[in-house]
Amino acid sequence: MEMTTPTLPIDIQIGIDEDKRRAIAAGLSNFLADSYTLYLKTHNFHWNVTGPMFVTLHTMFEEQYTDLATAVDEIAERIRALGFMAPGSFKKFAELSSIEEAGEVPDANEMIRQLVVGQEAVVRTARAVLPIAGDANDEPTVDLLTQRMHVHEKNAWMLRSLLA
């Protein structure tokens with residue numbers, strides 16, 4: 001994704017040069033797209049889950065999409081703090097995301113399986129951005145990515161345990 005820098009009244013002087021900030025923001029844009037796509041998928045499954053695990057899954061999915069709603073805002077705001085525009089359309093998210101959208105509404109076990117795959121995809125995307133942010137000494141981004149990886153790895157584990 002080409003990262004555009006908005007016209008600012010003052011240069012950004014946070015100790016990270018523009019090229020490094022641009023690379024971090026591009027990686028965070030992929031991370032944002034994956035996170036938002038997973039949010040939509042999780043919310044969809046929350047609305048449409050049926051079966052004997054309905055209450056458990058309905059509640060779990062709500063907790064996960066609520067967390068993701070907060071996370072996407074934090075990720076987008078980090079992109080903006082680095083001086084770049086955050087992607088914010090379905091079209092752009094579809095271009096940037098590594099997560100496939102759900103076509104038809106699957107059964108509960110397939111929902112769980114797809115969400116495990118999605119949670120793990122978000123972790124991989126975060127992990128890919130982490131060394132870029134680390135090399136630039138961008139501790140706020142490293143912290144954000146580390147915290148999100150912890151959440152998504154735990155969610156994937158909890159979801160996987162439902163399939164055992």
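The values are calculated or read from the model by the stated rules, or taken from the named source; none is laboratory data. Everything numeric in this text was worked out from a predicted model, so none of it was measured. Cβ: placed from backbone, ideal geometry, glycine included. Neighbour counts: every protein chain shown.
Side notes on the structure shown:
- All positions within segment 102-132 that are over 16 Å from Ala71 (Cβ atoms) and small (Gly, Ala, Ser): Ala102, Gly103, Ala108, Ala128
- Annotation: of all residues in segment 28-78 being surrounded by 15 or more Cβ atoms within 10 Å (Cβ to Cβ) and among the small types (Gly, Ala, Ser), the one that is nearest to Asp143 (Cα to Cα) is Ala71.
- Remark: pairs (first residue in segment 20-45, farther than 22 Å from Gln119 by Cβ; second residue modelled with pLDDT of 95 or more and of a type in the set (Gly, Ala, Ser); Cβ separation under 7 Å; 6+ apart in sequence or on different chains) = Lys20/Ala136; Ile24/Ala133; Ile24/Ala136.
- Looking only at residues in segment 104-138 that are out of contact with any His (no Cβ under 8 Å at 6 or more places or on another chain) and of a type in the set (S, T, N, Q), the one that is surrounded by the fewest Cβ atoms within 10 Å (Cβ to Cβ) is Asn137.
- 3 or more residues aliphatic (A, V, I, L, M): qualifying helices (runs of 4 or more DSSP H) within segment 51-164: 54-81, 108-135, 139-163
For every residue, the table says whether it meets (1) more than 14 Å from Ile24 (Cβ to Cβ); (2) among the basic types (Lys, Arg); (3) at pLDDT 95 or above.
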position: Glu62; (1), (2), (3): yes, no, yes
position: Ala86; (1), (2), (3): no, no, yes
position: Gln119; (1), (2), (3): yes, no, yes
position: Val122; (1), (2), (3): yes, no, yes
position: Ala136; (1), (2), (3): no, no, yes
position: Glu153; (1), (2), (3): yes, no, yes
position: Ala164; (1), (2), (3): yes, no, no
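- Breaking point among (1) crowded, with 19+ Cβ neighbours inside 10 Å; (2) over 14 Å from the mean Cα position of the chain (by Cα), for Gln13: (1)
- Test for Asn30: is it closer than 14 Å to Arg148 by Cβ and either in a helix (DSSP H, G or I) or of a type in the set (Val, Ile, Thr) (or both): yes
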